[in-house]
Each structure stands twice: as structure tokens, then as C-alpha cells.
Amino acid sequence: MSNLPLAAPDITDRERELVMQVLSTPILSGGPMVQRFEQMAAAVARRKHAIAVSSGTAGLHVIVRALGLGPGDAVITTPYSFIASSNCLLYESVQPIFVDIEADTFNIDPDRITDALRSDGSRRNRIKGILAVDIFGHPARWEHLEAIAQEHGLKLIEDSAESLGSSLSGRPCGSFGDAAIFAFYPNKQITTGEGGVVLTDSEDLAEMARSLRNQGRGPASDWLEHVRLGYNYRLSELHAALGVAQLERLQELLAKRAQVAAWYDEGLRDISYLTPPAKQDGAEVSWFVYVIRLKNAGHRQQVMQWLKERGVPTRPYFPAIHLMSFYREQFGFKEGDFPITEAVAASTLALPFHNNMTEAEVNYVCDQLQALTESLS
Ligand SMILES: *Cc1c(COP(=O)(O)O)cnc(C)c1O
């Protein structure tokens with residue numbers, strides 16, 4: 001067994017059928033497929049409004065702008081994430097204020113947010129919001145975050161790019177905060193090739209998001225009348241068709257992911273040098289990736305090399321955002337600033353994970369990890 005993919009989309013005849021259906025019409029943008037996709041996405045997150053956009057990153061940018069955040073403002077967020085959750089603030093010259101994460105869930109730590117808000121002075125006054133990420137599909141502590149945002153009058157943004165189908169205490173990810181996004185790059189729970197969606201219950205935010213994605217047109221504008229600075233962040237009918245077919249199959253897709261994760265949980269249970277993903281009480285996880293943590297970060301290179309030689313690709317997930325060169329340069333971040341994030345980032349590893357992975361493939365990966373135990377100790 002060799003050359004397992006790290007991730008893979010799950011595309012069937014239904015996806016091909018709906019994309020072909022669009023191609024048999026003259027409407028390739030701004031048509032019924034996008035509307036259908038938006039209705040389905042809104043239903044998954046139990047939101048009033050869904051606005052399809054060209055990527056998850058575009059969706060985050062739209063939210064930051066639609067909330068009126070800009071130069072001089074600061075937003076509290078996590079340094080342990082895919083870079084887009086922080087870059088979306090930089091696009092609008094909003095300062096990211098990182099706080100460290102929880103060592104078990106890898107999500108932003110609400111207690112540290114409270115600490116950051118307790119400090120006085122000009123920085124405190126500039127903090128206007130919290131942007132939290134459901135990392136690897138694991139819901140952040142939304143009940144806490146909502147209470148903090150409420151108490152301090154802060155905007156709350158959910159980056160649920162990795163958590164479509166997850167829930168916390170029965171509430172779906174994508175339903176928390178003023179607005180949220182899903183993202184549909186091919187390694188996410190569902191894909192449109194490229195794509196994203198903005199989710200909100202606010203009529204005003206929804207209208208602003210629709211305008212921003214569509215070159216700043218107003219709801220009743222002529223095609224060449226623009227009422228504000230906007231972008232072309234539209235999703236095409238072709239992409240939306242792919243998304244409709246994927247959302248029709250959502251329960252099937254999520255069940256397959258849960259099965260693969262369960263095989264991993266079982267197969268890795270007795271391997272002493274690593275920790276499988278933690279489960280949070282009350283959380284249902286839809287599995288974006290399967291990320292293990294090595295108890296000794298010094299082992300990671302050896303583990304990666306060993307697996308690579310046996311046809312198993314892995315990837316360190318995620319490097320700390322504050323240590324990226326342009327963040328260091330712009331904000332003066334350095335090693336030691338967020339020790340939990342740095343320790344986690346140095347010791348985590350994403351294993352091959354996709355819907356159609358077989359039990360034999362998962363067992364193969366687990367066996368290779370098991371076989372390495374002796375030589376690591
Ligand atoms: C994938 C991802 C995004 C961005 O989505 P794109 O569609 O790739 O732009 C944002 N945030 C997180 C946490 C992600 O994993």
C-alpha cells in the first residue's frame with residue numbers, strides 16, 4: 001500500500017449531473033443554482049441568510065468589512081489556525097490581538113480573552129470584536145464567547161471553515177456570533193472547487209455582504225451603478241451546482257468521515273507516543289482533518305520521514321500564525337509569545353484523511369505508526 005492521498009474530494013455522478021445541467025443553460029453566474037445552494041447552506045447552519053462567495057477567505061473579508069471594522073480597531077483571535085482567519089483582519093488594517101489556546105482542544109481560550117479585556121489603556125479601547133475558529137471541526141467554547149462578547153459589547157465572528165456539520169450543545173457550527181463562514185476548498189467537508197458562504201441572521205449584514213461581493217451594487221441598483229467600494233467575490237453557477245450536490249449528500253459524507261475517524265481512534269488507541277484528537281463534552285465533530293499530537297515534539301521529523309518512506313503523506317498542521325515572517329515584521333511577534341500554541345504547532349501532524357479511505361488503509365497507517373514505537377523511545 002503506497003501513495004495514499006493526504007485529502008481527497010468525494011465526487012459522484014450527482015455532482016457531474018448538476019454541473020452539466022448548468023452548462024445546458026445560458027446562466028453561468030447569478031442564477032438559480034446559487035440561490036438553491038444558499039438556501040441549503042443557511043439550513044445547515046440554521047441561519048436566516050446565506051451569501052455565497054468565491055472563497056472562505058473572501059467571506060471572512062466581507063464580514064470584517066460589513067461589520068464596519070477598520071483602521072484603529074483591534075480584534076481578539078487565535079494564533080493557531082489557517083492564516084486566512086487572521087489575514088482577513090489585516091486586509092482592513094484591523095490589528096489582530098492573539099490570545100493563546102487550550103492545550104487539549106486547540107481552540108481559543110476564553111479565560112485568556114477575559115484577561116486581554118481586563119487590561120486598561122488605549123489597546124483595550126480599540127478592541128471591537130472576537131474572531132474564533134472551530135479548529136479541525138472542533139467547536140470553540142461558544143457559550144463562553146457569546147457571554148464575553150455580550151458583556152463587553154464586542155462583535156463576534158465564527159470562522160467555521162473547518163466545522164460544517166459540527167455542533168455544540170445541539171447548535172450547529174456556523175450559527176454562532178454576528179456572522180460566520182463555511183469554506184469549500186477541496187479538502188473541506190464539502191467542496192465547490194473554490195467557494196465559501198457568509199452566514200448571518202442580520203438583515204443589514206446580509207444586505208451589506210451581498211453588496212460587497214457584487215462590486216458594491218445596491219439591492220435595487222442597475223448593473224453599472226455602484227453605491228460603495230465592493231469586490232467581485234461572486235460564486236459561479238457551476239461551483240454552486242457542485243455545492244448543491246454535495247449538500248444533498250451531506251449526511252452520507254459526514255457519516256463516511258466519522259467512520260474513518262473512528263477507525264483511526266481505534267487503531268491509535270494503544271500507541272504510547274501520541275495523543276489522538278480530544279473530544280469536548282457536548283460537541284459533535286464533523287471531522288475536517290485527523291490530527292494527532294506527538295508527546296515529544298522532537299519526534300515529529302522522524303515520524304514524518306518514517307511514514308513518507310512507507311507511502312504515507314503527513315503535514316504539520318498548523319504552524320503558528322504569529323511566527324509567520326510578515327507577522328513578525330509588522331507586529332514584532334517572537335517565539336515565546338504564545339507558548340501553548342507554539343508547543344501544539346510543533347507537535348501536531350495531520351494524517352491522511354478522506355471520505356473514501358478504507359479500513360485497510362487506516363489500519364496500514366496505524367500499523368506503521370505502531371511499528372515505530374520501539375525506535376522512538
Ligand atoms: C480553509 C480555511 C479558510 C479559508 O477558506 P478558503 O476557501 O480556502 O479561502 C479560513 N479559515 C480556516 C480556519 C480554514 O481552514
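Please state the Cα pair-distance histogram of the stretch 86-190 with 5 angstrom bins from zero: what percent is in each bin?
2, 12, 22, 25, 21, 11, 5, 2, 0
Using all C-alpha to C-alpha distances in the stretch 246-289, build P(r) with 10 Å bins and read off the rounded percent in each one.
Answer for the stretch 246-289: a P(r) of 24, 48, 23, 5, 0 percent.
Work out from phi, with θ = phi - 60° and the Karplus expression 6.51 cos²θ - 1.76 cosθ + 1.60, the ³J(HN,Hα) of each residue of the stretch 122-127, listed in order in whole Hz, and give x for Gly and Pro.
Each residue's phi maps through the Karplus curve to give 5, 5, 4, 5, 8, 6 Hz.
Going by average Cβ density within 10 Å per residue, which order do the peptides 275-284, 201-210, 24-33 take, highest to lowest?
Values: 275-284: 15.7, 201-210: 17.7, 24-33: 13.1.
Ranked by mean Cβ neighbours within 10 Å, highest first: 201-210, 275-284, 24-33.
Can you grab the distance from the C-alpha centre of the stretch 335-377 to the C-alpha centre of the stretch 20-45, Å, no decimals?
The two parts, judged by their Cα centres, are 38 Å apart.
Using per-residue counts of other Cβ atoms within 10 Å, averaged over each peptide, order 156-168, 91-103 from highest down.
Values: 156-168: 26.7, 91-103: 19.4.
In decreasing order of mean packing, 156-168, 91-103 become 156-168, 91-103.
Arranged by the count of other C-beta atoms within 10 angstrom, fewest first, what order do Phe338, Phe106 take? Write down the numbers at each step before the final one.
Numbers: Phe338 23, Phe106 26.
Neighbour counts put them in this order, fewest first: Phe338, Phe106.
Starting from the Cα coordinates of the stretch 13-248, work out the convex hull volume and express it per residue in Å³.
Details: hull volume 26.7 nm³, N = 236.
Considering the Cα atoms of the stretch 13-248, their hull volume per residue is 113 Å³.
Computed over the Cα atoms of the stretch 137-229, what is the convex hull's projected area averaged over all directions, in nm²?
Numbers: hull surface 29.7 nm².
Result: 7.4 nm².
Helix-only mean residue ellipticity at 222 nm, the chain, DSSP H runs n ≥ 4 weighted -39,500 (n - 2.57), per residue, nearest 500. What is it?
Working: 15 runs with 153 residues, N = 377.
Roughly -12000 deg cm²/dmol at 222 nm, from the helical runs in the chain.
Please report Rg over Rh for the stretch 191-268, where both radii come from the alpha carbon positions and Rh follows the Kirkwood definition.
Details: Rg = 18.4 Å, Rh = 15.3 Å.
Using Cα coordinates only, the ratio equals 1.20.
What percent antiparallel are the DSSP beta bridges of the stretch 1-150, to the nearest 5? Can you show the working numbers first?
On the way: 1 of 9 bridges.
Of the beta bridges lying entirely in the stretch 1-150, close to 10 percent run antiparallel.
List, in order, the whole-Hz ³J(HN,Hα) value for each residue of the stretch 328-341 obtained from phi through the Karplus relation with A = 6.51, B = -1.76, C = 1.60 and θ = phi - 60°; use x for Gly and Pro.
Computed from phi, the couplings for the stretch 328-341 are 4, 5, 6, 10, x, 5, 8, 4, x, 5, 9, x, 5, 4 Hz.
Sorting Trp223, Trp142 on the 10 Å Cβ count, fewest up front, what's the list? Walk me through the numbers before you get to the answer.
Numbers: Trp223 8, Trp142 23.
Going from sparsest to densest Cβ surroundings: Trp223, Trp142.
Ranking Phe333, Phe176, Phe353 by Cβ neighbours within 10 Å, fewest first, what do you get? Spell out each step's value before the answer.
Details: Phe333 19, Phe176 26, Phe353 23.
Placing the least packed residue first, the sequence is Phe333, Phe353, Phe176.
With θ taken as phi - 60° and the coefficients 6.51, -1.76 and 1.60, list the Karplus ³J(HN,Hα) couplings across the stretch 41-52 in order, rounded to whole Hz; mark glycine and proline as x.
5, 4, 5, 4, 8, 6, 10, 6, 10, 10, 10, 5
Just the Cα atoms of the stretch 250-376, one point each, no solvent: what log10 I(q)/I(0) does Debye give at q = 0.11, 0.16 Å⁻¹?
Those come out to -0.44, -0.85, one per q.
Do the alpha carbons of any pairs in Lys128/Lys334; Lys155/Lys279; Lys48/Lys334 sit beyond 32 Å of each other, and which pairs? Walk me through the numbers before you get to the answer.
Working: Lys128/Lys334 24 Å; Lys155/Lys279 28 Å; Lys48/Lys334 42 Å.
Checking Cα-Cα distances, Lys48/Lys334 exceed 32 Å.
Need the full-extension length gain, Gln21 to Asp104, defined as separation in residues times 0.36 nm minus the C-alpha distance. One decimal, nm.
25.3 nm
Taking springs between alpha-carbon atoms closer than 10 angstrom, which of Gly195, Gly170, Gly137 fluctuates most in the Gaussian network model of the chain?
So, out of Gly195, Gly170, Gly137, the one fluctuating most is Gly170.
About its Cα centre, how strong a charge dipole does the stretch 250-376 have in debye, to the nearest 20, once Lys and Arg get +1 and Asp and Glu get -1 at the Cβ?
On the way: 12 positive and 15 negative charges, 56 e Å.
Here the size comes out at about 280 debye.
Assuming 1.002 mPa s and 20 °C, estimate D for the stretch 171-315 with Stokes-Einstein, Rh taken as the Kirkwood radius over Cα pairs, in µm²/s.
Working: Rh = 18.9 Å.
Estimated via Stokes-Einstein, D reaches 114 µm²/s.
Report, for the chain, the % of DSSP beta bridges that are antiparallel, rounded to 5. Show your work: numbers first, answer last.
Values: 24 of 40 bridges.
Percent antiparallel among DSSP bridges in the chain is about 60.
What whole-number distance in Å separates the alpha-carbon centres of the stretch 270-298 and the stretch 223-245?
Cα centres, the stretch 270-298 to the stretch 223-245: 37 Å.
We did not get these values from a lab; they are worked out from the coordinates using the rules stated. Small disclaimer: the values here were computed from a predicted structure and weren't measured. As a convention, Cβ positions derive from the backbone with ideal geometry for all residues, glycine included, and neighbour counts pool all protein chains shown.
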